[in-house]
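A short write-up of the structure that comes next.
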Amino acid sequence: MEKLAIGKIGRVHGLKGYVKVKSFSGETDHFYKLEDVTVSNGTQESTYCVENVRSYKEGMLLMKFTGIDSPEKGSSLTNGVIWVPRELASPLSEGEYYLADLCTCSLVKDGVVRGTITAVCDGTNSELLEVRDDQGKMHLIPFIKEFIGDVDIERRTIEILVDWVT
């Protein structure tokens with residue numbers, strides 16, 4: 001079962017173990033339907049039952065997990081990433097895709113494959129595509145309209161608009 005990252009846990013809120021959660025998509029409706037989630041901090045994963053979800057600010061929620069009932073226990077989740085099965089992530093509208101779907105797509109210019117996307121990273125002003133060219137060299141390409149054209153998830157191709165590989 002493929003899982004997608006849907007949010008990041010911030011600081012504790014209150015005395016009962018609630019944590020602030022920022023939705024990666026900006027959408028929050030799907031969080032209210034969650035029964036359990038996987039929280040990863042990079043080195044370990046744990047599954048938690050969702051006890052309560054409350055609205056907080058735009059694109060953010062307060063979440064309470066069973067067994068996390070104090071600020072001390074809640075703070076142990078700070079900076080954790082929330083993962084759920086794909087079917088429980090924010091629903092996509094026509095023409096939308098998950099950033100995870102960009103990985104392993106081919107980067108194409110004028111019909112020629114220039115590289116393969118190996119990861120999507122957070123950049124200062126936009127996401128960055130980590131691309132491995134056919135010589136094994138890594139490149140970071142800003143995922144912005146000045147660099148990226150058509151994204152075709154079904155064909156697993158992304159058009160690049162500028163020359164970057166010599």
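Nothing in this text is a laboratory measurement; each read-out follows from the coordinates by a stated rule. The structure displayed is predicted, hence computed values, not measured ones. Reconstructed Cβ throughout: ideal geometry from the backbone, glycine too, with neighbour counts over all protein chains shown.
Report yes if residue 127 is within 29 Å of residue 81 (Cα to Cα), out of contact with any Leu (no Cβ under 7 Å at 6 or more places or on another chain) and charged (D, E, K, R), otherwise no. Spell out how you get there, then give the answer.
On the way: within 29 Å of residue 81 (Cα to Cα): yes; out of contact with any Leu (no Cβ under 7 Å at 6 or more places or on another chain): no; charged (D, E, K, R): yes.
No.
Only one entry of 53, 39 meets the criterion of being of a type in the set (A, V, I, L, M), in a strand (DSSP E or B) and buried (at least 19 other Cβ atoms within 10 Å of the Cβ), and that entry is 39.
Need pairs with beta-carbon distance below 8 Å; first residue at negative phi and touching a residue at least 24 places away in the same chain (Cβ under 8 Å) and within the range 120-134, second of a type in the set (A, V, I, L, M) and outside any strand (DSSP E or B); sequence gap 6+ or separate chains. Every condition considered, the pairs that remain are 127/99; 129/102; 133/165. Going by the conditions given, is residue 16 over 17 Å from the mean Cα position of the chain (by Cα) and part of a loop (DSSP other than H, G, I, E, B)? When the stated conditions are applied, residue 16 passes them.
Considering 102, 62, 107, 92, which residue is touching an Asp or Glu at 6+ places or on another chain (Cβ under 9 Å) and under 21 Å from residue 8 (Cβ atoms)? Steps first, answer last, please.
On the way: 62 fails: touching an Asp or Glu at 6+ places or on another chain (Cβ under 9 Å); 107 fails: under 21 Å from residue 8 (Cβ atoms); 92 fails: touching an Asp or Glu at 6+ places or on another chain (Cβ under 9 Å).
102 is the lone residue from the list that is touching an Asp or Glu at 6+ places or on another chain (Cβ under 9 Å) and under 21 Å from residue 8 (Cβ atoms).
Scanning the range 91-119 for residues that are in contact with a strand residue (DSSP E or B) (Cβ under 7 Å, 6 or more places away or on another chain), outside any strand (DSSP E or B) and among the small types (Gly, Ala, Ser) turns up just one, 100.
Scanning the range 142-166 for residues that are assigned to a strand (DSSP E or B) and more than 17 Å from residue 100 (Cβ to Cβ) gives 142, 149, 150, 159, 160. No other residue among 74, 59 is loosely packed, with under 15 Cβ neighbours inside 10 Å and not aliphatic (A, V, I, L, M) apart from 59.
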